[in-house]
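Worksheet: one structure, shown below.
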Amino acid sequence: MEGRALRDLDDGLAAWLISPAGLDAVGRVTHDLDDGRDELAISTRLRSTIDDADRRAVAISAGVARRRARHRWPDADQLLFTREGLEQASDPEVSHWRARRFPTGSATMDLCAGVGGDTLALGEQVTAVTAVDIDPGRLRLLRHNAAVRGIEVTAIVADALTIERDDDVWVHADPSRRAGTRRLRALRDHQPSVPALAVRHRDAPGSGIVLSPGVDLADPDLPDGELEFVALQGALTEAVMWLGDARRKGTSASATLLPGEHHRRREGDPEGLEVGGIGSHIIEVAAAAVRARLHTEIGAEVGARRIATRRALLTSDALLPVSPWYRSRTVEAVLTTRTKDIRRWLRSADERPLEIATHGLSIDVDQVWRGLGRPPRGPQSRRLDLIRTDDGAVAVLST
C-alpha cells in the first residue's frame, strides 16, 4: 500500500493531521510499524475508527516518514512529515550549518519552505523567520513542527517569485530539483527557476540558494557568487550559491565536510599542479573539494602531483598524514587496463573484496567485475582504479 504523498496533501487533510485525532492516528500507526505490522494491516485496523480512506493514507504516510526521520531528528516522534516531504528535507546538520551564514540579529525569509526543516534551523539562529510556500498543507505541518520546537515562525502561502519582502530581510531558498521522478539539471528548470529567484531577490542584503551538488559549473544561469559544496559523512550532499553579504569576501568557491565543520575556501582560479608518474600512494581528494576546484591546492600542500592533466586523482611518493580532505591508499601494482592482466595479478595476491572505480574512461564497471570472475565486494577492500592518463590508460591496484 502506498501512503498519500506530500504533493497530494490538501489543506483539509493537513488540518486533520495536526488535530488531536490526526496526531493520535499517526502515533498509533508509528507504534504498529514499530511492532512489525505492514501498511495494509495497519490500514485495516484504522478503519474501525477512521472512515475516510484519505485520512488513513496520510496518517500511514506520516507514520512511515516519522520512523525514517528518527536517525536524523531526535524529536522525530513529535514532528510531522510525509514521505515525500522527508525525502525533500535537508539533513538537520546541513540545515544548521547553512543557517549560520545568516546574522543572528537578522530577519530572514525561507522560500520554498516545505514542512520546515530549514525553517527550524533558521529560527534557532536569526531574530525573525518567515516561511513561504505555495502549498498551505505543507505550511500547516511546518507550523506544527515549529510549535513542537518552541520556535516562533510567520508562515505565508505565496509564490517565492512574487512575495513582497522588506529591503532588510535576508533570503534563504531551496527550490525543487525534481519534476515527478525526473531530476531537473538546468537551473532555469528548477521550481521556481534559480535565475528568476536570484533576480527577484537581488536587493536582499544576503541570500543563499540551495542547488544540486551536481550543478553544471558551465550553466549560463549560475549566479555570480560563492558556490559552496557540502558533504555529510563522506557523501556529497548539496551545493549552495551565496550572494550579497552572505558571500565571504573574495571567495569564489568553498567546500565543507560535516560533521566536524571542516571548511576551505578558494579565491580566484587555482594554480596548476605538476603531472607525473604514479608514485607509492594514490590520493583521492574529497568530492566537495574537487567540485570546488580545491584539489590542486590540497595537492600542493602535501607535495602531491596529478596523475593526468584532466584528472582530480593525485599521487605521492610518500605516506601522507591523515586528513578529512583526502583518502590515501598504498599502490600495489600499476597494470594495463586489459582484464586478463588484472585477473592474473589478482590471482597472485591475497584475497580481499575489490572496489572498482573509473576516471575518464567509458567502461562498464559491472562488466569489468564479471570479467574478473565476480570477486567479492565490501569493506576493507582493495581498490582498482581504471584511469585515463595523458598517454593512454592504466589500472592501479591499491589498499
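The values are calculated or read from the model by the stated rules, or taken from the named source; none is laboratory data. Keep in mind it's a predicted model, so treat the numbers as computed, not measured. Here Cβ is always computed from backbone atoms with ideal geometry, including for glycine, and neighbour counts include all displayed protein chains. To get the accessible areas, we keep the full protein, side chains included, count just its heavy atoms, and leave off ligands, DNA and RNA. Shrake-Rupley method; radii C 1.70, N 1.55, O 1.52, S 1.80 Å.
A few notes on this one:
- Estimated inter-spin distance, residue 21 and residue 181, nm [label 7 Å along Cα→Cβ]: 3.5
- Highest-fluctuation residue, 287, 231, 300 considered, GNM on the chain with Cα pairs under 10 Å: 300
- Length released on extending from residue 390 to residue 159, taking residue separation times 0.36 nm less the Cα-Cα span: 78.1 nm
- Counting only DSSP beta bridges whose two residues both lie in the chain, roughly 60 percent are antiparallel.
- Within the chain: Cβ-based charge dipole about Cα centre, in debye rounded to nearest 20 (Lys, Arg +1; Asp, Glu -1): 1520
- For the stretch 31-92, the fraction of alpha-carbon pairs lying more than 13 Å apart is 62 percent, rounded to a whole number.
- Label-to-label distance for residue 100 and residue 363 is 4.0 nm, based on points extended 7 Å past Cα in the beta-carbon direction.
- Choice from 373, 303, 277 with maximal GNM fluctuation in the chain (Cα, 10 Å cutoff): 373
- Taking the chain and dividing mean pair separation by its residue count, relative contact order in percent (alpha carbons under 8 Å, at least six apart): 9
- Think of the stretch 151-201 as a dipole: +1 on every Lys or Arg Cβ, -1 on every Asp or Glu Cβ, centred on the Cα centre; then among 171, 198, 181, 181 lies furthest on the positive end.
- Note that the chain presents 47 Å² accessible area per residue, ligands and nucleic acids not counted, probe 1.4 Å.
- Cβ-based charge dipole, the chain, positive-most Cα from 290, 334, 40: 334
- Carbon/sulfur fraction of accessible area - the stretch 332-399, other protein chains in place, 1.4 Å, %: 44
- With the charge dipole of the stretch 51-100 set up from +1 on Lys and Arg Cβ and -1 on Asp and Glu Cβ about the Cα centre, the Cα lying farthest toward the positive end among the listed residues 64, 85, 95 is that of 95.
- Amide H contacts for residue 355 (H built 1.01 Å from N in the peptide plane; partners 5 or more residues away or on another chain; cut-off under 5 Å): 382, 383, 384.
- The relative contact order of the stretch 70-150, computed from alpha carbon pairs under 8 Å that lie at least 6 residues apart in sequence, is 31 percent.
- Taking only protein heavy atoms and a 1.4 Å probe, the accessible area of the stretch 83-156 is 48% carbon and sulfur.
- Note on residue 218 and residue 152: their simple-model spin labels are 5.1 nm apart, each label 7 Å out from Cα toward Cβ.
- Amide hydrogen proximity for residue 101: with H placed 1.01 Å from N in the peptide plane, no residue at 5 or more positions away or on another chain lies under 5 Å.
- Compactness of the chain is given as radius of gyration and Dmax, 24.7, 72 Å, from Cα positions.
- Fully extending the segment from residue 87 to residue 72, taken as 0.36 nm per residue of separation minus the present Cα-Cα distance, adds 4.2 nm.
- Rounded to 10°, Cα long-axis angle of helix 53-69 versus longest principal axis of the chain: 40
- Rounded to the nearest 10 Å², the accessible area of residue 120 at probe 1.4 Å: 10
- Gaussian network model of the chain, Cα within-10 Å springs - most flexible of 15, 218, 99: 218
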